[in-house]
Ligand SMILES: Nc1ncnc2c1ncn2[C@@H]1O[C@H](COP(=O)(O)OP(=O)(O)OP(=O)(O)O)[C@@H](O)[C@H]1O
Ligand SMILES: [Mg+2]
């Protein structure tokens, strides 16, 4: 089974595409077969970070049925084992991404024949991003240490959690009173903890089921563009707060130091971890990659036992 890691954020420009390209490269260097999928529809630029000029035949060819299987549009990159699917020509589709097209993309992604599938998503809480983020039980959220970025990160976490919670309630046999309350148009402002109260009140038998389902989701957090004068424990604090307030599992993966050579690598169309493998930021990225692999191993061991 491939492992899918969607990467998103509450705020734009925090380093999602850079981190997707870096983690993808590091997985590939460990001998894993990896595909990076640019799903920032309408604002895609991952190809530039990978040094690929004018990629052809991407997601658009799959959506307009020129190509029947999504893996046919995966192209090799300069890193062996690392492949790429672009969405450069999907700008026209973004306004018209029908629910059926979204499902078609999600279904095709889950069938891609790779060990690791990394999805570079847009920022913010629009439904396309949240649904692509929900493709997997293990999503990665990026923020910077700036208060505005952290604020938007919490907003994104809440929106993603709520979307997952609603999916569970919709799909499984919850009391109709719960469904009506959760999906009522008058309750648009209802937040995740309120919904748990609704379930407890109307459907107490399903409380444990809901909590167990929610605990299957593993949110991972990375703080990027980290500078020396910032509180080293910031990520751990966010992890603690989230684990206290939500029934899902939150794991802080680590900080990635700020390095001016990162934008310079983008300008010169080099993959940073390839060009500068021995910098502090590359060491941070390697540590994070190892932590992801370790947590994956623990998850699959746990699922074999249960
Ligand atoms: N650790 C870092 N140190 C210095 N610069 C960085 C770091 N990480 C990313 N950058 C720079 O920040 C800018 C934004 O990065 P990137 O495009 O990866 O962000 P993004 O979250 O994908 O943006 P968008 O929301 O527009 O898709 C780029 O110029 C990149 O080179
Ligand atoms: Mg990006």
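What to note about this one:
Yes/no per residue for (1) surrounded by fewer than 18 Cβ atoms within 10 Å (Cβ to Cβ); (2) in a helix (DSSP H, G or I); (3) away from ligand 2 (no atom under 16 Å from the Cβ):
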site: 240; (1), (2), (3): yes, yes, yes
site: 244; (1), (2), (3): yes, yes, yes
site: 250; (1), (2), (3): no, no, yes
site: 255; (1), (2), (3): no, no, yes
site: 264; (1), (2), (3): yes, yes, yes
site: 269; (1), (2), (3): yes, no, no
site: 273; (1), (2), (3): no, yes, yes
site: 278; (1), (2), (3): yes, no, yes
site: 281; (1), (2), (3): no, yes, yes
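- Subset of the range 1-55 [under 24 Å from residue 219 (Cα atoms), assigned to a helix (DSSP H, G or I) and within 12 Å of ligand 2 (Cβ to nearest atom)]: 16, 17, 18, 19, 20, 21, 46
- All conditions in (1) more than 17 Å from residue 223 (Cα to Cα); (2) part of a helix (DSSP H, G or I) hold for residue 287, with the sole exception of (1).
- In the set (1) in contact with a strand residue (DSSP E or B) (Cβ under 6 Å, 6 or more places away or on another chain); (2) farther than 16 Å from residue 19 by Cβ, the condition left unmet by residue 257 is number (2).
- For the range 136-158, the criterion of being touching a strand residue (DSSP E or B) at 6+ places or on another chain (Cβ under 9 Å), part of a loop (DSSP other than H, G, I, E, B) and away from ligand 1 (no atom under 16 Å from the Cβ) is met by at least one residue.
- Only listed residue being in contact with a helix residue (DSSP H, G or I) (Cβ under 9 Å, 6 or more places away or on another chain), under 28 Å from residue 136 (Cα atoms), touching a residue at least 40 places away in the same chain (Cβ under 8 Å) and within 11 Å of ligand 1 (Cβ to nearest atom), chosen from 256, 262: 256
- Residue among 24, 31 that is in contact (Cβ under 8 Å) with a residue 12 or more places away in the chain and either surrounded by fewer than 17 Cβ atoms within 10 Å (Cβ to Cβ) or out of contact with any strand residue (DSSP E or B) (no Cβ under 9 Å at 6 or more places or on another chain) (or both): 31
- Among the residues here, residue 91 does not qualify as within 21 Å of the chain's Cα centre (by Cα), modelled with pLDDT of 95 or more and either within 27 Å of residue 50 (Cα to Cα) or within 16 Å of ligand 2 (Cβ to nearest atom) (or both).
- Those residues of the range 35-59 which are more than 11 Å from ligand 1 (Cβ to nearest atom), over 15 Å from the mean Cα position of the chain (by Cα) and at pLDDT 90 or above, in sequence order: 47, 50, 51, 52, 58, 59
The values are calculated or read from the model by the stated rules, or taken from the named source; none is laboratory data. Values in this document were obtained by computation on a predicted structure and should not be read as measured data. In this analysis, Cβ positions are derived from the backbone assuming ideal geometry, glycine residues included, and neighbour counts consider all displayed protein chains.
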